[in-house]
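Engineer: Here it is, the structure, as structure tokens.
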Amino acid sequence: MRDESTFIRTDPSPRPSVEHMQPLKYSKMNVMQRFDRITWNPNQMNGQPCIRGMRLTVRRVVEAVALYPNRDDLFRNYPELERDDVQQALSFAAANLEDTARETAAA
């Protein structure tokens, strides 16, 4: 179960534009974090959170951080990314993970 979260959504249009993308906000333990570099548009990338309206998802950025532990290599392969983009993508991903443990059946 997720903590209380608020996603700002606007009406979808047939042609997505920057005006329809809004920054996301996330509230955890009554502390509001603003992710001004993370955008959400239902008509782009299947509605996944993206970086600054680009066709680059938060998930892809997190995967790229794992793939390129050396940040210089990361930025060489993703020149459109900025350091703040990576930081917010990691913070956003962490904010959306659950901290609860669940009991599973042994295999």
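Engineer: Restricting things to alpha carbons, tell me how big the stretch 27-98 is in terms of Rg and Dmax, in Å.
Structural biologist: Radius of gyration, then largest Cα-Cα span, for the stretch 27-98: 12.4, 38 Å.
Engineer: Tell me, what HN-Hα J-couplings in whole Hz come from the Karplus equation 6.51 cos²θ - 1.76 cosθ + 1.60 at θ = phi - 60° for each residue of the stretch 33-50, using x for Gly and Pro?
Structural biologist: For the stretch 33-50, the Karplus-derived couplings read 9, 10, 9, 6, 9, 9, 10, 9, 9, x, 9, 10, 6, 6, x, 6, x, 10 Hz, x marking Gly and Pro.
Engineer: Would you mind putting 38-45, 98-105 in packing order, based on average other-beta-carbon counts within 10 Å, highest first?
Structural biologist: Taking the mean over residues of other Cβ atoms within 10 Å, the ranking is 38-45, 98-105.
Every read-out reported here was derived from the displayed coordinates using simple, explicitly stated rules and does not represent laboratory data. Owing to the predicted nature of the structure, the values given are computational and were not obtained by experimental measurement. Every residue, glycine among them, receives a Cβ derived from its backbone with ideal geometry; neighbour counts consider all protein chains shown.
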